[in-house]
Amino acid sequence: MTVCEYIPGLENIPAARSSISYVDGKQGILEYRGIPIEELAQKSTSLETAYLLIWGRLPSKEELATFEADIYNHRRIKYRIRDMMKCFPETGHPMDALQTSAAALGLFYARRTLNDPAYIWDAVVRLMAKIPTMVAAFKLMRKGNDPIQPRDDLDYATNFLYMLTEQVPDPIAARIFDVCLILHAEHTINASTFSAMVTSSTLTDPYAVVASAVGTLAGPLHGGANEEVIEMLNEIGSIENVRAYVEDCVTNKKKIMGFGHRVYKVKDPRATILQTLAERLFDQRGRDRIYDIAVELEKVIEEKLGHKGIYANVDFYSGLVYRKLGIPTDLFTPIFAIARVAGWLAHWREQINENRIFRPTQIYQGEHGIPYVALGDRVHRDPLVSVADDR
């Protein structure tokens with residue numbers, strides 16, 4: 001019998017063959033379907049990029065117009081889902097609300113007819129259309145306000161920002177937000193995408209697939225980093241405190257949020273694009289203390305840790321951009337989910353086209369041949385006390 005090597009976190013173990021996206025962490029390359037992320041950020045839109053990822057190619061003018069129109073016409077959510085969301089605790093995190101709401105869509109639309117192209121199209125459209133509406137709706141309903149209805153005359157990014165405030169954003173802000181959605185749309189098999197693929201492999205409906213991925217993205221090691229970046233910058237407090245903060249983190253081996261990446265050993269190409277967007281936004285709306293601290297922090301970390309391949313990642317600048325757009329901090333990760341739905345659905349389609357249910361093995365480390373002890377002969381142990389503490 002061959003003994004398998006245990007690799008924590010399945011690091012660097014291929015789990016699929018895919019043609020959706022490509023990452024080269026040493027050279028700082030990210031491509032969607034072979035197109036460099038820099039080109040898409042400059043020339044594309046979030047919905048055109050979503051079409052590229054999900055359907056495997058750039059759409060024609062007519063195909064894109066149909067895709068956009070279908071999404072715009074399906075942005076409203078059923079009143080029963082709105083009523084359910086009104087019952088969520090106002091202190092609940094928006095990611096928990098989103099996971100529950102995404103799963104609830106399956107009650108209305110799931111048929112699990114995965115061999116029907118019309119069903120697949122409709123599922124993609126509904127998820128792309130309704131996830132942003134649910135995020136914006138919970139933002140208002142948790143404060144006792146009615147949600148703002150989407151407007152069919154507004155594009156994808158503009159409409160979402162409108163639903164948050166009932167004010168149409170200026171074109172520059174809307175374009176910057178749309179590029180943010182492009183940058184977060186896909187990134188090979190990260191934790192939430194792997195969760196989506198495992199769920200997909202059971203041939204359940206796509207609403208359950210997205211709900212599963214949202215739950216995975218909610219973890220602080222995956223989607224919550226940009227929230228923690230803002231908290232860290234506020235904790236640092238001033239430019240003068242930056243160097244001491246970094247030196248303390250290096251000395252005590254503390255993680256600095258927004259820096260370092262599992263794949264990239266150079267600066268994350270998405271961070272480079274986001275930095276340019278942030279500078280454009282701050283030039284338009286005015287610099288502030290937090291942004292100046294961020295600029296100094298990146299400078300000091302490159303000086304101290306750049307030789308170890310630790311540079312700014314996408315989370316470092318995305319939070320700064322969202323904050324300047326007036327978006328609450330706890331909506332940063334739900335916005336990540338809005339963008340990543342495209343990538344999850346791309347992997348869902350790829351998975352079901354050549355499906356095999358995931359069934360990894362394990363390395364058993366327990367004992368064998370343990371006798372059964374009668375109930376009356378067992379020693380009571382407090383389940384809240386660890387085995388090590390109870391010896």
Exercise. Only one of (1) part of a loop (DSSP other than H, G, I, E, B); (2) more than 23 Å from residue 172 (Cβ to Cβ); (3) among the small types (Gly, Ala, Ser) fails for residue 326. Which number is that?
Worked result: (2)
Problem set entry | Checking residue 321 against (1) open to solvent by less than 10 Å² (accessible area, probe 1.4 Å); (2) within 19 Å of residue 29 (Cα to Cα), the condition it does not meet | (2)
Exercise. Inside the range 1-89, counting only helices (runs of 4 or more DSSP H) that do not spill past its ends, which hold 2 or more residues that are under 24 Å from residue 183 (Cα atoms)?
Worked result: 37-43, 46-55, 61-73
Exercise. Of everything in the range 7-51 that's β-branched (Val, Ile, Thr) and touching a residue at least 24 places away in the same chain (Cβ under 8 Å), which residue is surrounded by the most Cβ atoms within 10 Å (Cβ to Cβ)?
Worked result: 49
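Considering only the range 100-205, give the helices (runs of 4 or more DSSP H) lying wholly within it that have at least 1 residues that are touching a strand residue (DSSP E or B) at 6+ places or on another chain (Cβ under 8 Å), over 27 Å from residue 316 (Cα atoms) and open to solvent by 20 Å² or more (accessible area, probe 1.4 Å). It would help to see each step written out before you state the result.
Numbers: elements: 117-141, 156-165, 171-183, 191-200.
Once the helices (runs of 4 or more DSSP H) in the range 100-205 are filtered for at least 1 residues that are touching a strand residue (DSSP E or B) at 6+ places or on another chain (Cβ under 8 Å), over 27 Å from residue 316 (Cα atoms) and open to solvent by 20 Å² or more (accessible area, probe 1.4 Å), nothing remains.
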For this session: Hey, can you tell me all the residues within the range 243-276 that are of a type in the set (Val, Ile, Thr) and under 20 Å from the mean Cα position of the chain (by Cα)?
Result: 256, 263, 272, 273
Problem set entry | Condition check for residue 58: more than 16 Å from residue 126 (Cα to Cα), touching a Leu at 6+ places or on another chain (Cβ under 6 Å) and surrounded by fewer than 21 Cβ atoms within 10 Å (Cβ to Cβ) | yes
For this session: Residue by residue through the range 336-365, note down the ones that are closer than 30 Å to residue 180 by Cβ and open to solvent by 100 Å² or more (accessible area, probe 1.4 Å).
Result: 353
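Each row is one residue, and each column tells you yes or no for (1) at pLDDT below 95; (2) on the phi > 0 side of the Ramachandran plot; (3) over 22 Å from the mean Cα position of the chain (by Cα).
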{"position": "340", "(1), (2), (3)": "no, no, no"}
{"position": "343", "(1), (2), (3)": "no, no, no"}
{"position": "346", "(1), (2), (3)": "no, no, no"}
{"position": "356", "(1), (2), (3)": "yes, no, yes"}
{"position": "368", "(1), (2), (3)": "no, no, yes"}
Exercise. Of all residues in the range 73-99 being farther than 20 Å from residue 162 by Cβ and in contact (Cβ under 8 Å) with a residue 60 or more places away in the chain, which is surrounded by the most Cβ atoms within 10 Å (Cβ to Cβ)?
Worked result: 95
Exercise. Has the range 368-381 got any residue that is surrounded by 10 or more Cβ atoms within 10 Å (Cβ to Cβ) and either aliphatic (A, V, I, L, M) or farther than 30 Å from residue 169 by Cα (or both)?
Worked result: no
Exercise. Restricting the search to the range 281-308, which residues are more than 13 Å from residue 258 (Cα to Cα), open to solvent by less than 10 Å² (accessible area, probe 1.4 Å) and touching a residue at least 40 places away in the same chain (Cβ under 8 Å)?
Worked result: 281, 282, 290, 293, 300
Exercise. Just checking, which of 333, 276 is hydroxyl-bearing (Ser, Thr, Tyr) and either without any contact (Cβ under 8 Å) to a residue 24 or more places away in the chain or not in a helix (DSSP H, G or I) (or both)?
Worked result: 276
For this session: Could you list, in sequence order, all residues of the range 206-258 that are of a type outside the set (A, V, I, L, M), in a helix (DSSP H, G or I), within 29 Å of residue 129 (Cβ to Cβ) and open to solvent by 10 Å² or more (accessible area, probe 1.4 Å)?
Result: 212, 215, 216, 227
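The values are calculated or read from the model by the stated rules, or taken from the named source; none is laboratory data. Worth saying up front: this structure is predicted, and the values here are computed from it rather than measured. So basically every Cβ, Gly included, is an ideal-geometry build from the backbone, and we count neighbours across all protein chains shown. What goes into the accessible areas is simple: the full protein's heavy atoms, side chains included, and nothing from ligands, DNA or RNA. Shrake-Rupley method; radii C 1.70, N 1.55, O 1.52, S 1.80 Å.
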